[in-house]
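The values are calculated or read from the model by the stated rules, or taken from the named source; none is laboratory data. Because the structure is predicted, anything quoted here is derived from the model rather than measured. Note that each Cβ is placed from the backbone with ideal geometry, even for glycine, and that neighbours are counted across all protein chains shown. We work out accessible area using only protein heavy atoms, side chains counted, and drop any ligands, DNA or RNA first. Shrake-Rupley method; radii C 1.70, N 1.55, O 1.52, S 1.80 Å.
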Amino acid sequence: MRVLVLQHVAFEGIGAMENWFEQHDASIDYVRFFEADATLPPAQDFDLIIAMGGPMSVNDEQGYPWLVAEKRFLREAIQQGETAVLGVCLGAQLIASALGARVYANPVAEIGWYPIHQQGTDEDCFIFPPQIEVLHWHGETFDLPEGARLLASSAACAHQAFQLGDRVIGLQCHPEMTASIIADLLDECGNELVPGEWVQDAATLSGVSEARYIKAHQLMQAILEYLLME
């Protein structure tokens, strides 16, 4: 199994997904867009492409010119249909933008551990639990790409997860999140914790029980199994 990770900042890695890949003897390659020599390989060389998160907007192409190439890469990979594609937070927004959907400011920032709710129960889609608490850290949202099916929503953000065909899933939320990544996010992006209805403070963000991480990681593992093992 070969996996390609598109990483946008050093402090947002694949989190709990790494353990699952180790258990399945997967090899993981990285394109780190924050490094000067970042080069995109042929998409068809991989079983799964994962586009991760980041504090930038998909609309910031002037400030981050590699966004243009990344969107083209994701669009072509999805159109070819040979490789599964997973987008997490910014990654889901990149998939949406690459396929012509609009990405724009969410009515409110959503930062914290909040529940998402199942929206799709089609047998040919991944089915989320009726409700599960996961970590959120975003200020933007997206329209669903043409043909995509909504899988999950939250009270603060209608489009939390979508599926396109049987090989593409986008997640606005972060079921892969670990305590160490949250600590890094608080260091790097703590200024975003402006008090609001859907913004938790640092102590709440970092003080959740291990059981909550385990449930979120089980969801993440189920998504990977769906994309790679079906």
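Taking the range 185-213 as the range and being among the polar types (S, T, N, Q), open to solvent by 50 Å² or more (accessible area, probe 1.4 Å) and assigned to a loop (DSSP other than H, G, I, E, B) as the test, only S209 passes. One residue stands out in the range 118-138 among those that are in a strand (DSSP E or B) and open to solvent by 40 Å² or more (accessible area, probe 1.4 Å): the one that is nearest to C189 (Cα to Cα), namely E133. Picking from residues in the range 1-24 that are open to solvent by 50 Å² or more (accessible area, probe 1.4 Å) and within 16 Å of the chain's Cα centre (by Cα), the one that is farthest from L171 (Cα to Cα) is A10. Inside the range 145-172, residues that are buried (at least 18 other Cβ atoms within 10 Å of the Cβ) and either aromatic (F, W, Y) or assigned to a loop (DSSP other than H, G, I, E, B) (or both) make up a count of 10.
Take the residues in the range 173-184 that are aliphatic (A, V, I, L, M) and either open to solvent by less than 10 Å² (accessible area, probe 1.4 Å) or touching a Leu at 6+ places or on another chain (Cβ under 6 Å) (or both), then tell me which one is nearest to G81 (Cα to Cα). Steps first, please.
We begin by selecting, within the range 173-184, every residue aliphatic (A, V, I, L, M); these are 177, 179, 181-183.
Pick out the ones that are also either open to solvent by less than 10 Å² (accessible area, probe 1.4 Å) or touching a Leu at 6+ places or on another chain (Cβ under 6 Å) (or both) and you get 177, 182.
Values: M177: 28, I182: 33 Å.
So, considering only residues that are aliphatic (A, V, I, L, M) and either open to solvent by less than 10 Å² (accessible area, probe 1.4 Å) or touching a Leu at 6+ places or on another chain (Cβ under 6 Å) (or both), the one nearest to G81 (Cα to Cα) is M177.
Just so you know, in the range 25-76 the residues that are out of contact with any Asp or Glu (no Cβ under 9 Å at 6 or more places or on another chain), assigned to a helix (DSSP H, G or I) and basic (K, R) include one that is surrounded by the fewest Cβ atoms within 10 Å (Cβ to Cβ), and it is R72. Only residues that are closer than 16 Å to L86 by Cα, part of a loop (DSSP other than H, G, I, E, B) and among the β-branched types (V, I, T) were counted in the range 1-24, giving 1. Give me the pairs: first residue in the range 89-114 and of a type in the set (D, E), second residue open to solvent by 20 Å² or more (accessible area, probe 1.4 Å), beta-carbon distance under 7 Å, and six or more apart or on different chains, which are they? So the pair list comes out as E110/W198.
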